[in-house]
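What follows is calculated from the coordinates using simple rules that are stated; it is not laboratory data. Note that the structure is predicted; figures quoted are calculated from it, not measured. Here Cβ is always computed from backbone atoms with ideal geometry, including for glycine, and neighbour counts include all displayed protein chains.
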Amino acid sequence: MSVRFSRVGHVLASAGAAIGVANLVIFPYRVHYFGGSAYILAFVVFTLLMGIPLMVLENAMGKRRGTDATEAFTWPGTSKNWQAVAWLGILTSIMVASFYLVLAGWTLDYVWTYLTDYAAVATTPAGPAFGAAIGTIPRALLFTGLFTAMVAFVCSRELYAGIERLGKFAMPVLGLLLIFLIVSLPLLRPGALDYPNLLKFDWRGLLIPTDNRELGLLHALGQAFFSLGLGAVSMMTFATHADRETNVLRAAPQIVHLDTAVAILGAVLVLPLIGGAEGDIYAGPPLVFINLVEIFKTYGMAAQWVGLLFFFLLGVAILTSAVSLFEPALRTMTERYGWRRRSGGPVVGLLVFALAVPVVISCSADGPAWLTNFAGMGDPGLGYFNFLLEWFGSISLLIGELLLCWFLLKVWGLPAFFEELAFGGHRVTAADRKRLTWQLRYVIPIGIALLLLAKIWTFF
């Protein structure tokens, strides 16, 4: 029985944790609207400039203590108040999971429908069908509960039999499905895909604000944080399972590059599909459940299997991410309070499902107005869903990373950080030290401050 990740297992599990809806849904939509390949280039630059050093930092902190996120912020001679940063991350993970698993439930619902009743998909307009799927509360709760149970089952098993085995299975499956769809769709409908939509290079889409005060360049910056799952101590927690002598300077870029590769493959798959689509292209989940479903219908006899493979692909990506959202709370329960994984996993699952119930209700036209238009964020419904997505899926992550950088600079200290990177005989060059110092002291805090200011600007 393994109590640590293997080195390959750590990279694959962490990459699987990062890869999810942000790669396959949000990223393609933003590439479409914010400059095409110009947005991709900006995202890659921000990922290299900020994503890698933050991944290095979270991995180094996690493996240094090897217990849980709260212990990672426990330092001799310093206030225990720093543990609040870890608790904020754990809260963020749980709250993100509460709406993430509702989205997972929709995905599982579509997988089931494509398998058992494709005639209904083929004959019903995708918009009303999606509205009915998310608005039928008992059905939405059923599929959300089923997906939550799957996540709880994986997390409740011992490390190798659960999370590591999932990562080793899911990552190759994700890659193969993506490549298969990218190659097969043009063969099924030659000339139907709009590759210029992907290849366009429009800096104006990055630099000119939209009517809603959205700036593509800042979206690309935020994508670099959100896509990697940084700021919710999930990457830090996964690193607590890593071997003490893991070379973080090597492992962290591998995790980031895998995530970036899947995001780009997601854009290569989705962008040509929606480039020639008629009508509005929706943001977020409706892009998949409405726009893509209608596009898949045009593939004739292959339509059922094209849609089924895509939703299965999306479900696998969500599953690996959801496991990482459970793990910070579960790891704290096992290390700090002595729980066993096989009992802690179901408890975390029940907690997340209970928190997901109001999210499901907020997506239904039959839900009360205080949920469907929570904090005035209904558009026209999904108010509570949108609130959680904005505050815990964005702002809380940014605050968590800002506090983490502050902790590094004020408590841990850069010299001790570099000692940890070198632990096990690994080489940390002068150039590595200079680059990481510059990034963690100046570039990343400034980038996060700009994102938070942009959030305030769009609110008012």
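Odds and ends about this structure:
- Degrees between helix 126-135 axis and first principal axis of the chain (Cα, 0 to 90, nearest 10): 50 degrees
- His426, His257, His219, His241 arranged by Cβ crowding within 10 Å, fewest neighbours leading: His426, His257, His241, His219
- HN-Hα J in Hz across the range 85-92 - Karplus 6.51, -1.76, 1.60, θ = phi - 60°, x for Gly and Pro: 5, 5, 5, 4, x, 5, 4, 4
- Under Karplus coefficients 6.51, -1.76 and 1.60, residue-wise ³J(HN,Hα) of the range 307-314 in Hz, glycine/proline x: x, 4, 5, 5, 5, 5, 4, 4
- Relative contact order, percent, the chain [alpha-carbon distance under 8 Å, six or more residues apart]: 33 percent
- Which of Thr332, Thr429 has the fewest Cβ neighbours within 10 Å, and the rest in rising order: Thr429, Thr332
- The lysines whose alpha-carbon is closer than 29 Å to the alpha-carbon of Lys63, local same-chain residues fewer than 8 away aside, are Lys80, Lys168, Lys410, Lys434.
- 3J(HN,Hα) along the range 12-26: 5, 5, 5, 5, x, 5, 6, 7, x, 4, 4, 7, 9, 10, 5 Hz, from the Karplus curve 6.51 cos²θ - 1.76 cosθ + 1.60 with θ = phi - 60°, whole Hz, x for Gly and Pro.
- Additional length obtainable on full extension of the chain from Ala122 to Arg250, 0.36 nm per residue less Cα span: 41.3 nm
- Nearest-0.05 FRET efficiency for Val183 and Trp112, computed from C-beta distance (R0 22 Å): 0.25
- Listed residues Leu217, Leu166, Trp203: farthest to the positive end of the dipole of the range 131-243 (Cβ charges): Leu166
- Prolate/oblate/rounded label for the chain (Cα gyration tensor, a/c 1.5): prolate
- From helices alone, the chain scores -21500 deg cm²/dmol at 222 nm; the rule is -39500 (n - 2.57) for each run of n ≥ 4 DSSP H residues, then divide by the residue total.
- Applying both filters, DSSP loop and at most 14 other Cβ atoms within 10 Å, to the trypsin sites (Lys or Arg not before Pro) of the range 338-374 gives Arg340.
- Computed from Cα atoms, the angle from the helix 444-459 axis to the main principal axis of the chain rounds to 40 degrees.
- FRET efficiency estimate (nearest 0.05) - Cβ-Cβ, Arg139 to Tyr33, R0 35 angstrom: 0.65
- Using a simple spin-label model with pseudo-atoms 7 Å out from Cα toward Cβ, Leu350 and Trp87 lie 2.3 nm apart.
- Three-way shape label, the range 60-119, alpha-carbon gyration tensor, a/c 1.5: prolate
- Cα gyration tensor shape for the range 338-453, rounded if a/c is under 1.5, else prolate or oblate: oblate
- Computed from the C-beta positions of Phe169 and Arg204 and an R0 of 35 Å, the FRET efficiency is 0.25 to the nearest 0.05.
- Crossing angle, helix 137-156 versus the chain [Cα axis fit, 0-90 degrees, rounded to tens]: 30 degrees
- Per-residue Cβ neighbour rank within 10 angstrom, fewest leading, Phe418, Phe385: Phe418, Phe385
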